[in-house]
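The values are calculated or read from the model by the stated rules, or taken from the named source; none is laboratory data. Small disclaimer: the values here were computed from a predicted structure and weren't measured. Ideal geometry is used to build each Cβ from the backbone, glycine not excepted, and the neighbour counts take in all protein chains shown.
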Amino acid sequence: MGKYDVIVIGGGPAGYPCAIRCSQYGKKVLLIEELALGGVCLNRGCIPTKALYSISEEISNSKYNSIEKKVNYDWNKILNEVLNDVVLRLRTGINMLLKSYKVDLIKGKAIFKDLRTVEVNGNFYTTEYIVIATGSSCYIPECFKNDKRIIISDHLWELQKLPESIAIIGGGFIGCEFASILNKFGVKVKIYEMMDSLLPGKDKEITELLKKSFEKRGIEVNLNIKLESCEMIEAEKIFVSVGRIPNILKLEGLEYDKKGIKTDERLKTNIEKIYAVGDVNGKYQLAYVATKEGEIAAENICGKDEIIDYDSIPEVIFTDPEIGVCGLTEQTAKEKGIEIEIGKFPYSALGRAYADKKTEGFFKVIADKKTEKIIGMHIIGKGATELISFGTLAIKLGIKIKEIEKILYCHPTFAEGIMEAINDLNKKSIHLPPKK
């Protein structure tokens, strides 16, 4: 029987950073992973999907009419390159990091024997603290399960060839990302979303522009449609992207609901010295939030007193055009009764956008009229997924309009669009005509 200070169950973006942080504070740590280090994010989600996104950009037509581009690709070679040169290399890197921090790693399924003992592969391990970081799985509604055409994001990496047509059920960020990627690979794509817009909950102007952009590229968008079966769908494959469910380990007395294991602001469960981080606690299904939760749980285990702050969490969506959002939308600010100022600036007025032939999109900044603080930033266009971190910093630190106006921005860059949108809050943008 092995004895540890901390046992972390799950080696995804929540679990392995938690294990490393505990080790940095001198704890003896065991990390248990059933499948592969890095979890869904590294092996079947964020990383390989963004590699495909990058490849889809490369195989697209040249943005300059003066360049004729001929592209040939081999789908199986692409998958092999993504899964080996990208995913495997990163997974190997995590393994080396764990070894360098002397974190013990066991591959297998963890089973609780009591509140301080875990069984893996017939062996028993005791500990003072346990962190549950078992992630989540794709949810497939019962009405779709019997159709042999159904695939989820995990299955994409097993396809021997791309389908000629695909129906995507769910217009959230995963559905939209795959719609954008597969469209560039020449797949005929249709999206079915039960709400009245793509990316429900995001800024209406952004979702409307995304819909128009998709339709211009040949992606069919069907809104306000709740499918009860696959009978009406004629596509070769049906991609289900309607949410994820937590992978909850059975433990007597542990409080949880359909969203996940219940935790407080320190990531503690209702059972003393047991924590739950990442998708399994149902707070935010975002890898970077999972990592922060894992780090904060580790800090608290190691005698610190840290709380998780879920305010101002940025979100990025790797579609074409890219999207980055943070803070309140115009709609939610008004619902909260906040008097706001809105600054906007189009990509079509940016020098860098013309140089890159990426003039589709806009910057939108929302400020509290009373406090003059930035409370929301929403970007759709080239570089949005990188630029939004600037907005996160401004919102988190409560920076006022006058203070942020003093910042210099390099030229020519896409970041100048943020500067112009902020100047537009007070109708001072140099590169916009005067408001009537």
Within the group Ile7, Ile94, which residue is part of a helix (DSSP H, G or I) and touching a Leu at 6+ places or on another chain (Cβ under 6 Å)?
Ile94
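So how many residues does the stretch 175-192 have that are more than 18 Å from Ile55 (Cβ to Cβ) and either at pLDDT below 95 or within 19 Å of the chain's Cα centre (by Cα) (or both)?
Quick first cut of the stretch 175-192, residues more than 18 Å from Ile55 (Cβ to Cβ) only: 175, 188, 190-192.
Checking the rest, the ones that are also either at pLDDT below 95 or within 19 Å of the chain's Cα centre (by Cα) (or both) come to 175.
Qualifying residue count, the stretch 175-192: 1.
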Selection count, the stretch 218-234, where residues are of a type in the set (Gly, Ala, Ser) and modelled with pLDDT of 95 or more
1
Enumeration of residues in the stretch 9-50 that are among the β-branched types (Val, Ile, Thr), more than 18 Å from the chain's Cα centre (by Cα) and closer than 18 Å to Tyr288 by Cβ
Ile20
In the stretch 262-271, which residue that is without any contact (Cβ under 8 Å) to a residue 40 or more places away in the chain and surrounded by fewer than 22 Cβ atoms within 10 Å (Cβ to Cβ) is farthest from the chain's Cα centre (by Cα)?
Asn270
Residue identified as in contact with a Lys or Arg (Cβ under 8 Å, 6 or more places away or on another chain), surrounded by 17 or more Cβ atoms within 10 Å (Cβ to Cβ) and either among the hydrophobic types (A, V, I, L, M, F, W, C) or not in a strand (DSSP E or B) (or both) among Phe112, Phe124:
Phe112
Looking at Val118, Val103 in this structure, which one is touching a residue at least 60 places away in the same chain (Cβ under 8 Å) and within 25 Å of Gly282 (Cβ to Cβ)?
Val118
For the stretch 293-339, how many residues meet the condition of being part of a helix (DSSP H, G or I) and either surrounded by fewer than 21 Cβ atoms within 10 Å (Cβ to Cβ) or in contact (Cβ under 8 Å) with a residue 60 or more places away in the chain (or both)?
14
Top-ranked residue in the stretch 367-422 [being among the acidic types (Asp, Glu) and at pLDDT below 95; ranked as farthest from Ile323 (Cα to Cα)]
Glu403
Can you find a residue in the stretch 33-54 that is closer than 23 Å to Val280 by Cα, among the small types (Gly, Ala, Ser) and outside any loop (DSSP other than H, G, I, E, B)?
yes
Could you check the stretch 401-429 and list, in sequence order, the residues that are of a type outside the set (Phe, Trp, Tyr), outside any helix (DSSP H, G or I) and either in contact with a strand residue (DSSP E or B) (Cβ under 6 Å, 6 or more places away or on another chain) or touching a residue at least 24 places away in the same chain (Cβ under 8 Å) (or both)?
His411, Pro412, Thr413, Ala415, Asn426, Ser429
Regarding Val118, is this residue closer than 17 Å to Ile181 by Cβ, out of contact with any Cys (no Cβ under 9 Å at 6 or more places or on another chain), in the same structural domain as Gly26 (by TED's automatic domain parsing) and of a type outside the set (Phe, Trp, Tyr)?
no
Looking at the stretch 68-90, is at least one residue assigned to a helix (DSSP H, G or I), within 30 Å of Cys302 (Cβ to Cβ) and under 22 Å from the mean Cα position of the chain (by Cα)?
yes
